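**Student:** Please see the structure below; I have some questions.
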Amino acid sequence: MELRIPRALGVDGRMFNPESAPRGDDYFCPSCGTFAILKRGEIKVPHFAHKENSSCTNESITHKTAKLLIIQAVSDWKSGRGPRPAVHRECCICEKYFNQPLPDKVTGAREEQRTEDGHRVDVALLSGDNPVAAIEIYVAHAVDSVKAGQLKLPFVELRGDEVISDPLVWDPDQDYFRTFFCKECKRFERKFTESARQLATETGVSLPASFYRFSIHLCCGCSQPMVVFWWPGSSRKRGWPDVDPPRSVRRGSPSEPAWVNVCPRCGKTQPSLEDEPDGPFALPEFWRDASPGDETDENLRSDMRLIIGLRLKRFGPTGWMWSAEEIPGWRYRRNIL
Ligand SMILES: [Zn+2]
Ligand SMILES: [Zn+2]
Ligand SMILES: [Zn+2]
């Protein structure tokens with residue numbers, strides 16, 4: 001069977017598309033460097049054909065072509081010849097997809113870069129001379145989970161044929177780049193954290209920087225907003241945390257060692273906030289048991305994103321529901337227990 005080359009190298013080292021490559025020039029296979037023949041006639045779809053007796057396969061050609069197209073896209077962008085490449089990514093809060101443009105700090109891309117941890121990646125994105133992220137091209141074999149776990153560089157895995165059809169918007173099969181927030185969610189997250197901090201100060205409750213996940217909730221007694229807390233295994237195992245709890249987290253009663261959130265204004269004990277369907281921690285991910293691994297910073301951040309995402313889904317980006325102005329008829333009570 002004839003080998004087809006989707007993009008061929010010209011004498012200047014650029015990749016050419018068979019639809020637009022000038023006739024009469026020389027073209028080469030990006031993978032093995034042998035001559036490629038431009039076939040653009042009336043009947044067949046334009047393509048480059050590979051000469052016989054070559055070690056190339058469709059896989060090796062796709063793999064190499066995709067790598068070179070990525071490197072060319074980055075270098076065209078940096079030299080002002082082309083647009084800035086972007087990565088199609090899922091926002092970690094609203095779960096919608098956006099094209100995230102490559103950041104300015106990326107200054108180039110290099111093929112077959114060896115990383116500090118001894119792996120070789122298909123393409124490294126560079127900042128100066130330092131690899132800052134990796135791109136793996138998937139043709140026949142996906143990046144295995146062992147390598148994925150060992151790679152210290154943030155990386156994405158792209159399908160070779162998808163890169164060839166669009167080298168400017170990368171749509172990862174696996175995305176281990178830094179967590180992505182869309183602009184709206186970034187604003188939302190900031191406002192959420194500020195509001196919680198303010199509310200905590202107003203009610204004389206500390207907002208710990210570690211271990212405690214928090215949200216904002218209207219008290220079931222006085223209907224006023226309060227900061228409420230959760231931590232891994234808090235309700236299932238009825239475990240008491242090692243880290244000092246904020247003063248609004250208390251034991252339910254001496255005979256029942258469960259922890260509860262207590263309203264700092266009226267003293268009312270709140271129901272289980274992950275079991276109530278409209279509770280601020282009503283997430284299936286929160287019905288897990290405690291294990292020491294749950295207490296990493298990354299897990300804390302990831303739980304906070306789930307909490308904030310839940311809030312966003314319920315109330316929308318402007319439905320705050322916890323400041324005096326936004327709750328009609330709400331009269332602020334200053335008496336703090
Ligand atoms: Zn070849
Ligand atoms: Zn978002
Ligand atoms: Zn209350």
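Values quoted throughout were computed directly from the atomic coordinates according to the rules given, and no laboratory measurement underlies them. The model shown is predicted, which means the values in this text are computed figures rather than measured ones. Positions of Cβ are backbone-derived with ideal geometry, glycine not excepted, and every protein chain shown enters the neighbour counts.
**Student:** Excluding the sites themselves, what is the longest stretch of the chain that contains no GluC sites (Glu not before Pro) in a DSSP loop with at most 13 other C-beta atoms within 10 Å?
**Tutor:** Looking at the chain, 117-337 is the longest stretch - no exposed GluC sites (Glu not before Pro) with at most 13 other Cβ atoms within 10 Å.
**Student:** Springs between alpha-carbon pairs under 10 angstrom, Gaussian network model over the chain: which of Val45, Val260, Val169 fluctuates most?
**Tutor:** Maximum fluctuation in the GNM of the chain, among the listed residues, is at Val45.
**Student:** For a quick check: sort Asp104, Asp122 by the number of other beta carbons within 10 angstrom, fewest at the front.
**Tutor:** Asp104, Asp122
**Student:** Related question: Once each part is reduced to its C-alpha centroid, what is the distance from the stretch 1-22 to the stretch 140-210 in angstrom?
**Tutor:** About 36 Å separates the Cα centre of the stretch 1-22 from the one of the stretch 140-210.
**Student:** Ordered by residue, what ³J(HN,Hα) values in Hz, to whole numbers, does the stretch 272-288 give under the Karplus form 6.51 cos²θ - 1.76 cosθ + 1.60, where θ = phi - 60° and Gly and Pro are x?
**Tutor:** Result, ordered by residue: 4, 7, 9, 9, 4, x, 9, x, x, 10, 6, 10, x, 5, 8, 8, 9 Hz.
**Student:** Which length gain, in nm to one decimal place, applies between Val45 and Asp104 when the Cα-Cα distance is subtracted from 0.36 nm times their residue separation?
**Tutor:** So the extension gain works out to 17.4 nm.
**Student:** Can I ask one more? Taking amide H positions as placed 1.01 Å from N in the peptide plane, with prolines and chain starts having none, which residues 5 or more places from Val87, or on another chain, fall under 5 Å of its amide H?
**Tutor:** Gln100, Leu102, Trp170
**Student:** Still on this model: Taking the Cβ of Pro167 as the centre, find all other residues whose Cβ is under 10 Å away and add up their charges (Lys, Arg: +1; Asp, Glu: -1).
**Tutor:** -2
**Student:** Moving on to the next point. With θ set to phi - 60° and the Karplus curve 6.51 cos²θ - 1.76 cosθ + 1.60, what are the ³J(HN,Hα) couplings of the stretch 187-200 in order, to the nearest whole Hz, using x for Gly and Pro?
**Tutor:** 4, 4, 4, 5, 5, 4, 5, 4, 4, 5, 5, 4, 5, 4
**Student:** Over all alpha-carbon pairs of the chain, lay out the pair-distance distribution in 10 Å bins, whole %, shortest bin first.
**Tutor:** P(r) for the chain, in whole percents per bin: 5, 20, 22, 17, 13, 11, 7, 4, 1.
**Student:** Beyond 24 Å between alpha-carbons counts as too far, so tell me which of Lys51/Lys78; Lys78/Lys191; Lys105/Lys186 fall in that bin.
**Tutor:** Over 24 Å apart, Cα to Cα: Lys51/Lys78; Lys78/Lys191.
**Student:** FRET efficiency for Thr179 and Asp12, Cβ-Cβ distance as r, R0 = 35 Å, nearest 0.05?
**Tutor:** My answer for the efficiency is 0.35.
**Student:** Mean projection of the alpha-carbon convex hull of the stretch 4-56 over all orientations, in nm²?
**Tutor:** 3.5
**Student:** Would you pull out the residues with amide H under 5 Å of Ala109's amide H, same chain only if 5 or more places away, H placed 1.01 Å from N?
**Tutor:** Close amide H contacts, sequence-distant or interchain: Leu126.
**Student:** Step through the residues of the stretch 12-21 one at a time and calculate ³J(HN,Hα) from phi using the Karplus curve (6.51 cos²θ - 1.76 cosθ + 1.60, θ = phi - 60°), rounding each to whole Hz and writing x for Gly and Pro.
**Tutor:** Listing the rounded values in order: 7, x, 8, 8, 10, 8, x, 5, 10, 5 Hz.
**Student:** Amide H to amide H, which residues 5 or more places from Ala134 or on other chains are under 5 Å from it, using H placed in the peptide plane?
**Tutor:** Those lying under 5 Å, H to H, from Ala134 are Leu125, Phe155, Val156.
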